[in-house]
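Novice: Have a look at this one before I ask anything.
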Amino acid sequence: ERNSLVGSEMCIRDSGKPIVNGSANSNNSYLFDSSILAKSINTNELKFSYDKFELKFNETTNEYWFDLGDNLILRPLKRDDYERDYLKLLEQLTVVGNISKEQYESRFDAMRSSQNTYFTLVVVDQQRNKVAASTTLVFEQKFIRMASSRGRIEDVVVDKSYRGKKLSKILLDVACLLSKKLGNYKLSLECKDDLRPLYEQFEFSLEPNQNYLCRRF
Ligand code: 16G
C-alpha cells in the first residue's frame, strides 16, 4: 500500500575521503566556517545548472557566500538570522513554538560549538532582509565504516512567496555535494510521499528491506 511508504527513509551512498574541516571558525556570526563551502562546492560539480551561482568573498569579514541573482544569496545560517525571520520560515515546515531571541542564540551557540556537526544553509533575500529558504545537513560520527560519518538532510523549507524559484533544488544540490566532499558514507532523509520525486532527482531511493521507525514523545 502506497501509504506504507510515508516517512520511509531514503538514502544515497557514497564513499569519499574525508577532507579536514577548515580552520577554526574565525567569524563569530556564521554557524560554520564558510571556507568549507568555498572549498567543497565547485559549480561544475553540482548536479544541475542554475541561472546564477557565483562564489563571493569579503576580505574584511573573511566570509564566503554564493550569489544566486535576484537579490538572493546562499550562505551558512547567521547568529542574527532570528531578525531575518528564520524561525518564522521553519514554522512553514512544522511546529516551532515561542522561541525568544536569547533561546535562539543559545541553541545557535551550542550548535556552532559542536564541531563538524551542523551545517545549516540559508537562502537570504537581501532586499527584503529575510530568510527565504533553508536546510540543515547534520553529521553523525561513527565507529563503523572505518570511523566514518553519516549525513542527514533535515528541515528543508522554502517560504511560500519564494516557491518556484528552484531554491529547494539549489539547497539540496549544495547539501548533497557538501556531504559527499566531507566524507559521509551515506546521506539520508525522511519525507512525505509527494516529495519523493524531488529527492529522487538527487539519487535518494527507498532501500529494500529498510524501514524508518519513529516514536514520538
Ligand atoms: C520532515 C523533514 C524533517 C523535519 C520534520 C519535521 C526533510 C527532508 N524532512 O520530515 O527534517 O525535521 O519534517 O516534522 O526536510 P516533525 O516536527 O513532525 O518531526
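Okay, residues lined up against (1) open to solvent by 40 Å² or more (accessible area, probe 1.4 Å); (2) basic (K, R); (3) under 22 Å from L189 (Cα atoms):
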site	(1), (2), (3)
L89	no, no, yes
S114	yes, no, yes
Q126	yes, no, no
G151	no, no, yes
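Novice: Among the listed residues L90, L55, L37, which satisfies the condition of being modelled with pLDDT of 95 or more and closer than 24 Å to S161 by Cβ? It would help to see each step written out before you state the result.
Specialist: Values: L55 fails: closer than 24 Å to S161 by Cβ; L37 fails: closer than 24 Å to S161 by Cβ.
The conditions single out L90.
Novice: Name the pairs whose Cβ atoms lie under 7 Å apart, with the first residue in region 166-195 and over 14 Å from R150 (Cβ atoms) and among the basic types (K, R), the second away from the ligand (no atom under 13 Å from the Cβ) and modelled with pLDDT of 95 or more, and 6 or more positions between them or separate chains?
Specialist: K166/Y50; K169/F48; K181/S40
Novice: Identify, by number, the condition in (1) open to solvent by 60 Å² or more (accessible area, probe 1.4 Å); (2) more than 22 Å from Y185 (Cα to Cα); (3) modelled with pLDDT under 95 that D70 doesn't meet.
Specialist: Unmet condition: (3).
Novice: Just wondering, is there one or more residues in region 130-148 that are more than 24 Å from D33 (Cβ to Cβ), open to solvent by less than 20 Å² (accessible area, probe 1.4 Å), away from the ligand (no atom under 12 Å from the Cβ) and touching a residue at least 60 places away in the same chain (Cβ under 8 Å)? Break it down stepwise before answering.
Specialist: At the first step, the residues of region 130-148 found to be more than 24 Å from D33 (Cβ to Cβ) are 130, 143-146.
So of that shortlist, the ones also open to solvent by less than 20 Å² (accessible area, probe 1.4 Å) come out as none.
No, region 130-148 contains no residue that is more than 24 Å from D33 (Cβ to Cβ), open to solvent by less than 20 Å² (accessible area, probe 1.4 Å), away from the ligand (no atom under 12 Å from the Cβ) and touching a residue at least 60 places away in the same chain (Cβ under 8 Å).
Novice: Then there is this: Can you tell me which residue is farthest from L182 (Cα to Cα) among those in region 91-112 that are open to solvent by 80 Å² or more (accessible area, probe 1.4 Å) and of a type in the set (D, E)?
Specialist: E102
Novice: On to the next question. Take Y64 and decide whether it is assigned to a helix (DSSP H, G or I) and either touching a residue at least 12 places away in the same chain (Cβ under 8 Å) or within 16 Å of the ligand (Cβ to nearest atom) (or both).
Specialist: Working: assigned to a helix (DSSP H, G or I): no; either touching a residue at least 12 places away in the same chain (Cβ under 8 Å) or within 16 Å of the ligand (Cβ to nearest atom) (or both): yes.
Criteria not met by Y64.
Every residue, every condition in (1) under 21 Å from R75 (Cα atoms); (2) not aliphatic (A, V, I, L, M), yes or no:
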| residue | (1), (2) |
| --- | --- |
| Q126 | yes, yes |
| M146 | no, no |
| R150 | no, yes |
| K169 | yes, yes |
| K181 | yes, yes |
| L213 | no, no |
| R216 | no, yes |
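Novice: Pull up region 191-212, narrow it to residues that are within 15 Å of the ligand (Cβ to nearest atom) and among the charged types (D, E, K, R), then point me to the one that is least open to solvent (accessible area, probe 1.4 Å).
Specialist: Per the stated criteria, the residue is D193.
The values are calculated or read from the model by the stated rules, or taken from the named source; none is laboratory data. Quick caveat, the model's predicted, so the values are computed rather than measured. Virtual Cβ from ideal backbone geometry, glycine too; neighbours counted across all protein chains shown. Please note that ligands, DNA and RNA were not included when accessible areas were found on the heavy atoms of the full protein model with its side chains. Shrake-Rupley method; radii C 1.70, N 1.55, O 1.52, S 1.80 Å.
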